[in-house]
Amino acid sequence: MAARTFYCRGNVANGGKIMKINISALSAELIESVKECAEMLGLETGTDGYALKNETAEGLTVRFDGKDFTVGYPENARHLFFRGLRLIKQNGDKKPYEITESRDFTELGIMLDCSRNAVRNERHVREIIRTLALMGYNELQLYTEDTYEVDGEPHFGYMRGRYTKDEMKRIDAYAARFGIEVVPCIQTLAHLNQIFRWREYDAINDTDDILLIDDERTYTLIEKMFKTLSECYASRKIHIGMDEAHMIGRGKYEDRHGAPKNRSDIMLRHLNRVVEIAGKYGYKPMMWSDMFFRLAHGGEYYVKEKGAIDEKVRALVPKNLRLVYWDYYNTDSAVYEAMIDSHLDFDREVMFAGGAWMWKGFTPSNRFSMKATEIALDACRKKGLDKILLTMWGDDGAECSDGAVLPTLVFAAEKMYGGDVKAAFKALTDIDFDKFMKIEAANDIVPTAVPEPNNPNKYLLYNDCVGGLFDYTVREGDGKTYAEHAKELKAIERKAGRYSYIFATQRALCSVLAAKVELGIKARAAYKNGDRKAIKALVHDGYTPLFAALEDFYACFAEQWEIENKPFGFEVQDYRIGGLIRRAQHCADKLCAYANGATDVIPEFEEATLESMMTPEEAARRKLDFNRFGASIGTNIMTW
């Protein structure tokens, strides 16, 4: 890995002065936790500082009388003490003040995807826990399909970086110090494709990634899951998944029992069995709710009709089950309100799950995340939902740093607490909010006033240099735009402190795109004109800087992965980025052969350019949301 320079974080608390706090009056356990958070915030601790005291209060209160700081919070809400510590950093010590915050929600958490190759290492999970507490979150769900140890199942999560029982116990104990409840988030029906590569699970594979319902071996495995997790986490909440099981009952189940007359019936039977097993270990489960809607509405989830689910189906849903309504996409308040009403019709506990968009390549989509989150949270408040979760998925390789969506996480927290987003963000990170938002520059090739999902950061990175499926989305001058982005990100990187490595990855990515993005359209134009001299110059002036930029990007991204994740899963990135480098070299060789007269034909340029990846509306806006590595690099078969 190439060596890089780290830039030290500014340690200034207030007006150029480092603020010092005396934490000797706190409990021993709290002192240790406060020291770790104070270091993150740039606060010093010592007996000659302002005294920091804590007390019991109904809500969160932070007082400064000119000599002492006092943070009040309910006994069962220790996370609020750490939010109070952040508010002390935010408001400083220039004059006395008192801050009072009340909450109209009971749970505010994140769900961190640890199943798309990036299993967060224990050190990084600890930093996430501290950061959550400082923002005022009180729940962390670790989404683990097969990436956790299950007693008696050696192939479950084998070579995937699964959390061991000891790791889970340590994470849980550490989180408790900060008032964060760690909730296991697993799968007990679908999304278990990785275990089905092992032959011992063949017998319980219905079809695709789905477990075989009504087979006792399925429930033996599920019981092992619950038993193992019950020994590692103190929480008796558990997320049992069960989403997107589109082909339920259509494989081995149908072979054995015939086509089910009503697939809702077999799903409800399976659900009740799983909930029964969970109850043996004291669990109160929750599940993604989409399959109730999809089975009733021909695969559709988001419906606006009142009474969307038949009353007979609703009655069969276990009473102690929490429904999790997930929606990361809508910007229409009417959809949110109708869907919340449909969930409340079940007369069960309901949680809302929105999204911090970090699942579209290497670069986040904070602007769209915040837009959707604001509308969703307003609807939740209007309808009285008091349990909120922000999902942080890692689709197709988990390339984006979770730190890159901090603007969305702070935005959601301050929306719930009624605080100042930019002031809170500055206190937490020591970086101006608007500057940090440049983190998504790789997606801003065509800035728009209204944010919408798009991810050129990935599809243009892997767009082929001579057979590019996305060349028609590129315009002359895009390379210059990316070069400007890289320069701007470099300036932020130098002052980003502990977040500098995230900006380094984005800066290096923009440098690659600056060198690469126009190579295909320029080479094609020169070829059509028979201009061998122009192609020769393009290889020298375009590909030479590309190779250097790719090596730097690889080094930065590898460092980001090492900081945040276990090593498992990065082999996929080695093959992807390594393959990208080798393919670029081969394309340069093709062009050189033509430029030198060794060949008169480049077959890829004989093919017409088809605008097939976008709708006409997307093409007009130059906005495309396409996060599939295998389909981005070309149209040919990657596996048999």
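The values are calculated or read from the model by the stated rules, or taken from the named source; none is laboratory data. From a predicted model like this one, the values you see are computed outputs, not experimental measurements. Heads up, the Cβs are rebuilt from the backbone with ideal geometry, glycines too, and the neighbour counts pull from every protein chain shown.
If we only count strands (runs of 3 or more DSSP E) wholly inside region 61-127, which ones have 1 or more residues that are buried (at least 19 other Cβ atoms within 10 Å of the Cβ) and not charged (D, E, K, R)? Result: 68-73, 107-113. Scanning region 153-182 for residues that are touching a Lys or Arg at 6+ places or on another chain (Cβ under 7 Å) and either farther than 28 Å from residue 244 by Cβ or buried (at least 23 other Cβ atoms within 10 Å of the Cβ) (or both) turns up 174, 178, 179. Scanning region 529-548 for residues that are surrounded by 20 or more Cβ atoms within 10 Å (Cβ to Cβ) and touching a Ser or Thr at 6+ places or on another chain (Cβ under 9 Å) yields a total of 0.
Filtering region 208-235 down to residues that are surrounded by fewer than 19 Cβ atoms within 10 Å (Cβ to Cβ) and within 18 Å of residue 246 (Cα to Cα), which residue is nearest to the chain's Cα centre (by Cα)? Ranking the candidates gives 208 first.
Within region 491-515, being surrounded by fewer than 22 Cβ atoms within 10 Å (Cβ to Cβ) and among the small types (Gly, Ala, Ser) holds for 491, 497, 500. Scanning region 244-262 for residues that are buried (at least 20 other Cβ atoms within 10 Å of the Cβ) and not small (Gly, Ala, Ser) yields 248, 253. Every test in (1) within 15 Å of the chain's Cα centre (by Cα); (2) closer than 26 Å to residue 375 by Cβ; (3) of a type outside the set (A, V, I, L, M, F, W, C) is passed by residue 454 save one, and that test is (1). Looking at region 306-317 only, could you name the residues that are at negative phi and in contact (Cβ under 8 Å) with a residue 24 or more places away in the chain? Correct list: 306, 308, 309, 313, 314, 316, 317. Does residue 588 count as of a type in the set (Gly, Ala, Ser) and over 30 Å from residue 121 (Cα atoms)? In short, yes. Restricted to region 239-268, and to residues there that are over 30 Å from the mean Cα position of the chain (by Cα) and in a loop (DSSP other than H, G, I, E, B), the residue that is nearest to residue 349 (Cα to Cα) is 262. Candidates in region 424-442 are the residues that are touching a Lys or Arg at 6+ places or on another chain (Cβ under 8 Å) and outside any loop (DSSP other than H, G, I, E, B); of these, the one that is nearest to residue 357 (Cα to Cα) is 440. Evaluating residue 301 against the criteria (1) under 29 Å from the mean Cα position of the chain (by Cα); (2) in contact (Cβ under 8 Å) with a residue 40 or more places away in the chain leaves one unmet condition, (2).
Selection over region 443-479 of residues that are under 28 Å from residue 584 (Cα atoms) and either of a type in the set (D, E, K, R) or in a helix (DSSP H, G or I) (or both) gives a count of 14. Is it the case that residue 446 is out of contact with any Lys or Arg (no Cβ under 6 Å at 6 or more places or on another chain), surrounded by fewer than 22 Cβ atoms within 10 Å (Cβ to Cβ) and more than 20 Å from residue 580 (Cα to Cα)? No; evaluated as a whole, the condition is false for this residue.
If the condition is being in a helix (DSSP H, G or I) and either among the small types (Gly, Ala, Ser) or farther than 22 Å from residue 508 by Cβ (or both), then region 541-576 contributes 542, 548, 549, 555, 558. Taking region 146-187 as the range and being in a loop (DSSP other than H, G, I, E, B), in contact with a strand residue (DSSP E or B) (Cβ under 7 Å, 6 or more places away or on another chain) and over 23 Å from residue 29 (Cβ atoms) as the test, the residues that pass are 147, 149, 157, 162, 186. The criterion of being out of contact with any helix residue (DSSP H, G or I) (no Cβ under 7 Å at 6 or more places or on another chain), in contact (Cβ under 8 Å) with a residue 60 or more places away in the chain and farther than 30 Å from residue 190 by Cβ does not hold for residue 52. Where strands (runs of 3 or more DSSP E) fall entirely within region 320-401, those with at least 1 residues that are at pLDDT 95 or above, touching a Lys or Arg at 6+ places or on another chain (Cβ under 6 Å) and closer than 29 Å to residue 271 by Cα are at 322-326, 350-355.
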